[in-house]
Amino acid sequence: MKTIGLCLGLLIAAPAVAQNMAVDRADLAQRLSQADADGNGQVTRAEFQAYRAGQFTRFDRNGDGFVSADDVPRLLAGHFAPRLQAMRQQFDANHDGRISRDEFVNGPARGFDLADANHDNIVTTAEVQALSDKSKAARGG
Ligand SMILES: [Ca+2]
Ligand SMILES: [Ca+2]
Ligand SMILES: [Ca+2]
């Protein structure tokens, strides 16, 4: 079961937007802070895309340059079909049924765009903080 557990972990780490159209802001804040490669408290679009490239490498388990059903073990295909479908809807720009590295890295970045309140292609810790404050308010806490 070790392999299956590892696979579950990888796929559960898929972008939150893929599993739920509503962006989980706390999760987004965490992912953006992970994307801050040089740790200066700002995530540029380039850093965000580099982070995505790293995610892609993990999702493309068979290393063929595409994220597709082939990357999901047959036993788990039924379980992950809806999630893969959601990812395809978001990222499969040319509708060939699989997600290329380019489609994934340069695909829609709703979370980043949402956090980048002043649209300067840099998400600052202040912007992330503002977003999670909004999120807390929305939850009534
Ligand atoms: Ca693949
Ligand atoms: Ca495609
Ligand atoms: Ca900004």
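Every number in this text was worked out from the coordinates using simple rules, so none of it is lab data. Just so we're clear, the structure is a prediction, and the values are computed from it rather than from any experiment. Cβ placement follows ideal geometry from the backbone for every residue including glycine, while neighbour counts extend to all protein chains displayed.
Between N106 and R61, the simple spin-label model (points 7 angstrom out along Cα→Cβ) gives 2.9 nm. Okay, which of the range 79-104 sit inside 12 Å, backbone N to the point 7 Å along the Cα-Cβ direction of Q30? Residues passing the 12 Å test: none.
In a shell of Cβ-Cβ distance under 12 Å around A81, excluding A81 itself, what net charge do Lys and Arg (+1) and Asp and Glu (-1) give? Could you put the intermediate results ahead of the total?
Working: positive: R74, R83, R88; negative: none.
Taking every other residue near A81 into account, the sum is +3.
Over all other residues within a Cβ to Cβ distance under 14 Å of D96, the charged ones net out to -2, with Lys and Arg as +1 and Asp and Glu as -1.
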